1. Based on the mean of other beta carbon atoms within 10 Å per residue, what is the order of 93-102, 53-62, 73-82, most packed first?
2. Check Val47: other-chain or 5+ apart residues with amide H under 5 Å from its amide H, H built from backbone geometry?
3. Express as a percent, rounded to the nearest 5, the fraction of DSSP beta bridges in segment 34-115 (both residues included) that run antiparallel.
4. Please report, as a whole percent, how much of the solvent-accessible surface of the chain comes from carbon and sulfur atoms (probe radius 1.4 Å).
5. Taking Cα centroids, how far is segment 54-92 from segment 10-45 in Å?
6. Magnitude of the Cβ-charge dipole of segment 40-115, K/R +1 and D/E -1, about the Cα centre, nearest 20 debye?
7. Return the sequence-ordered ³J(HN,Hα) values of segment 48-60 in whole Hz as given by the Karplus equation 6.51 cos²θ - 1.76 cosθ + 1.60 applied to θ = phi - 60°, using x for Gly and Pro.
8. Using the Karplus curve 6.51 cos²θ - 1.76 cosθ + 1.60 with θ = phi - 60°, work out ³J(HN,Hα) for each residue of segment 61-75 in order, rounded to whole Hz, and write x for Gly and Pro.
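The values are calculated or read from the model by the stated rules, or taken from the named source; none is laboratory data. Predicted, not measured: the structure shown is a model, and the values here were computed from it. FYI the Cβ positions are ideal-geometry reconstructions off the backbone, even for glycines, and counts take in every protein chain you see. Side chains are part of the model used for accessible areas, which takes the heavy atoms of the whole protein and leaves out ligands, DNA and RNA. Shrake-Rupley method; radii C 1.70, N 1.55, O 1.52, S 1.80 Å.
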Amino acid sequence: VQLQASGGGLVQAGGSLRLSCAASRSIFSTSAMGWFRQAPGKQRELVAMITINNNTNYADSLKGRFTISRDNAKNTVYLQMNSLKPEDTAVYYCNARRMFSNDLWGQGTLVTVFS
């Protein structure tokens, strides 16, 4: 497994979760890393991306609640999710994006937010 995601679970609305995605050094050091999510019956959508230089990009609807970060020493990208809402319920996928290569995807981790 090239991307190993973890941290999903069941949380009450208003709560927080932190997702982690570990990658090999060769992938992590050359990739923009990101998180996407897919809710039941919906298309996969971008949550957030972070470049090698720590430039970030967020889905407009999630700005202020979600924070993406990367730890280059641990080859890990994180997604801190605060003030969670039931509509945040989805499978969250880690993504690695490199130039001239196909995107890499993690196995997905389920986040369920109940009210």
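1. Sorting 93-102, 53-62, 73-82 by mean packing, highest first, produces 73-82, 93-102, 53-62.
2. Trp35, Phe36, Arg37
3. If we restrict to bridges inside segment 34-115, about 95 percent are antiparallel.
4. 48 percent
5. 7 Å
6. Charge dipole, segment 40-115, about its Cα centre: 120 debye, nearest 20.
7. Once θ is set to phi - 60°, the couplings for segment 48-60 become 6, 9, 9, 7, 4, 8, 6, 7, 10, 9, 10, 4, 3 Hz.
8. Couplings: 6, 10, 4, x, 10, 10, 9, 9, 8, 9, 10, 5, 6, 9, 6 Hz.
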